[in-house]
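Below is one structure, written out as structure tokens, with a few remarks after it.
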Amino acid sequence: MSSEEYYHQGNEHRRQGDFPAAMNCYLQAIALDPNSPAVVAEKMLEDIMNFYCKDIYNP
């Protein structure tokens, strides 16, 4: 698959809430093309995953 295809597949996984699969797709896209828009998407997803804390939402 191309970098763009991995990026779009990552977006689809993200929409479905499958963050680990989305991250893997973004990392594959970045490996193929370091200038891919997946760089920004990966950073945003990483920020979301670092912010998310189950203890806050489910005390």
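Of note:
- Test: residue in region 2-15 that is out of contact with any Gly (no Cβ under 6 Å at 6 or more places or on another chain) and either assigned to a loop (DSSP other than H, G, I, E, B) or modelled with pLDDT under 85 (or both): yes
- In region 20-54, the qualifying residues are those that are outside any helix (DSSP H, G or I) and either open to solvent by 90 Å² or more (accessible area, probe 1.4 Å) or among the polar types (S, T, N, Q) (or both), and the one that is farthest from SER2 (Cα to Cα) is TYR52.
The values are calculated or read from the model by the stated rules, or taken from the named source; none is laboratory data. This is a predicted model, so every value here is computed, not measured. No Cβ is skipped: glycine too gets one built from the backbone with ideal geometry, and neighbour counts run over all protein chains shown. The area values use the complete protein model at the heavy-atom level, side chains included, leaving out ligands, DNA and RNA. Shrake-Rupley method; radii C 1.70, N 1.55, O 1.52, S 1.80 Å.
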